[in-house]
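> Take a look at this one; I'll ask things after.
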Amino acid sequence: MSLSLTRRLWWALPVVLLPLLLMAWTSLQGWRAGNQLEKAAIMRQWNAAPDDALLARLSARERNEVIRPEDRHADFLRQIDRVEEDQGALQLRQVLAGLGYWLAFATLLVGIGTWLKIRLDAWRARRSQAFLEQRLAHSWHVLGRCLVGYTSLLVGALGLSLLYELSWGWSNFKDAGISVLIVVVPMVSMIGVGLVMVRRLRQQWSWLEMPSSSFLGRTLDEARASALWAWVRTLAEQVGAPVPDHLVVGLDQSFFVTSMRVVLQPSGQILEGRTLYLPLTCLCALSQVETAAIIGHELGHFSSRDTERGSELAARFSLMCAHYSSLGGAAGPPPWLERPALWMAGNFLQQFERAVQHWRRAQELVADRAGARLVGPRLFSQALLRVIALDEALQRMLVAHRGDNLIHAWLEYLRHDRLILDEQALQQSLPHPFDSHPPTALRLRQQNVTLDQDLLTAATRVPSETDRRWFERLLGAQTCETQLKPEGTP
């Protein structure tokens, strides 16, 4: 979401520039209509009582340069008759120009007010986690209403200006009034763009209902995996966290917990309540103690009761980002009339992203301490590094793997290809579907653990037979590949 200062200013410019241009244009329109009425009034006064002081209030064309002094009286009468014939339209155009000006002025106020509210709400969100969690969705929907209002006012001001020009063209059709099309055609195009933008904003800015997430996996009920449930229950008691309602084992994610609705694939099973997701790709490569450290971290979210709010917050924010991405419409630079709404929505997400990352990362560091309490800071750090190394290796293996038996290929890969941990990996964050993890190097510093060669060697070791089999023995299963295959797969 980060943009250079120049680009941010370039995108912010239309928020104030478009209303200011419309204010200037409608002011000119009002002057054009008023000037004709004023000139007609002066000409009437001069015809009634010729006075050079009255002529001085007219332009040079009306005084001497085009009209001969001896023909001035007759010419003034012709111009007065013409204005009187068009007086109703002129007065209407004055009203249209005045209304257009004030609509443009209201647009300017709404734009500035929306920007100030974004900054204020984001500032409050960075200072208060409760405000962020309670007001994020509300602020987003208030922003949607503001953007609809801003764009509607802008389109309204353009529409009134368009009616003015059409009225002028009709009144002056015989005197090259067709030239008004030079102004009318671009205005019609801009109004069309604005109306489409208003429709998209109204349709896509629907209330953000609590979303669900879909993952590949299957549940492990307590009757079939009683030893695993007992072990997780013991870990939860040590951390001081509630026991998860569901244990899910799968292939497409790392360890995580969530309290939002989960839809399992391919079975379509819906899980409500607290869910702990266990990745089979890690369960066959970590030791049981390392796995306990990672699960302890995840259960730490439950113990601080932030996962109900944090998962929903992260999911809603992701949905907001998806809404924003869909607003742009066609590829390429958006029309200028769309840019104010797009800039303000993007600015909202940019400002609130800082608050979301700040509080979610703070919660991750708290959860790290829960995992470290179970096994000690050094062993927790070892487990953390190993999960990172496994994730990097899994990405490389998936690029090369073309078969169906993923777990078999994964185990073979780990036997023959050593895990790698470098400085770049330490600056990255663990992938997670909901939370915002801090960089790994920061997490190690928070644990007061020094990254030495012994720690790196332990974290990148080739999985032992015990590493590969402890989870199977805990389940009482013959092989992970056959017993933990997701339901509905061959």
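> Contact list please: Cβ distance under 8 Å, first residue in segment 208-222 and more than 13 Å from I270 (Cβ to Cβ) and surrounded by 13 or more Cβ atoms within 10 Å (Cβ to Cβ), second residue modelled with pLDDT of 90 or more and of a type in the set (G, A, S), pairs at least six apart or on different chains.
Partner pairs satisfying both residue conditions: none exist.
> Here is a further query. Cβ-Cβ under 9 Å, sequence separation 6+ or interchain: first residue in segment 247-274 and within 10 Å of T219 (Cα to Cα), partner part of a loop (DSSP other than H, G, I, E, B) and at pLDDT below 85. Which pairs?
V249/L484; V249/P486; G250/L484; G250/P486; L264/P486; L264/E487; Q269/E487; L271/R261
> Here's a follow-up. Might you let me know whether segment 370-386 holds any residue that is on the phi > 0 side of the Ramachandran plot and either out of contact with any Cys (no Cβ under 6 Å at 6 or more places or on another chain) or part of a helix (DSSP H, G or I) (or both)?
Yes, because at least one residue in segment 370-386 is on the phi > 0 side of the Ramachandran plot and either out of contact with any Cys (no Cβ under 6 Å at 6 or more places or on another chain) or part of a helix (DSSP H, G or I) (or both).
> Would you please name the residue that is farthest from W231 (Cα to Cα), looking only at residues in segment 246-296 that are buried (at least 19 other Cβ atoms within 10 Å of the Cβ) and among the charged types (D, E, K, R)?
R274
> Go through the residues of segment 59-66 one by one and say whether even a single one is among the basic types (K, R) and modelled with pLDDT of 75 or more. Write out each step before concluding.
From segment 59-66, those among the basic types (K, R) are 61, 63; that's our starting set.
Filter once more, so that each one left must be modelled with pLDDT of 75 or more: none.
No, that holds for no residue.
> If you don't mind, there's one more thing I want to ask. How many of the residues making up segment 137-190 are among the small types (G, A, S), at pLDDT below 90 and under 25 Å from Q91 (Cα atoms)?
So the count comes out to 6.
> If a residue has to be modelled with pLDDT under 85, among the polar types (S, T, N, Q) and either in contact with a strand residue (DSSP E or B) (Cβ under 9 Å, 6 or more places away or on another chain) or outside any helix (DSSP H, G or I) (or both) to count, how many in segment 271-308 make the cut?
Count: 2.
> Limited to segment 230-244, what total is found for residues that are surrounded by fewer than 20 Cβ atoms within 10 Å (Cβ to Cβ) and either more than 15 Å from V257 (Cα to Cα) or touching a Phe, Trp or Tyr at 6+ places or on another chain (Cβ under 6 Å) (or both)?
Qualifying residue count, segment 230-244: 7.
> Would segment 209-220 turn up any residue that is under 29 Å from L394 (Cα atoms), assigned to a helix (DSSP H, G or I) and not hydroxyl-bearing (S, T, Y)?
Taking every residue of segment 209-220 in turn, none turns out to be under 29 Å from L394 (Cα atoms), assigned to a helix (DSSP H, G or I) and not hydroxyl-bearing (S, T, Y).
> Quick check: is even one residue across segment 210-221 aliphatic (A, V, I, L, M) and either closer than 30 Å to I407 by Cα or touching a strand residue (DSSP E or B) at 6+ places or on another chain (Cβ under 7 Å) (or both)?
Among the residues of segment 210-221, at least one is aliphatic (A, V, I, L, M) and either closer than 30 Å to I407 by Cα or touching a strand residue (DSSP E or B) at 6+ places or on another chain (Cβ under 7 Å) (or both), which makes the answer yes.
The values are calculated or read from the model by the stated rules, or taken from the named source; none is laboratory data. Fair warning: this is a prediction, and the values are worked out from it, not measured in the lab. Neighbour counts run over all protein chains shown; Cβ positions are idealised from the backbone, glycine included.
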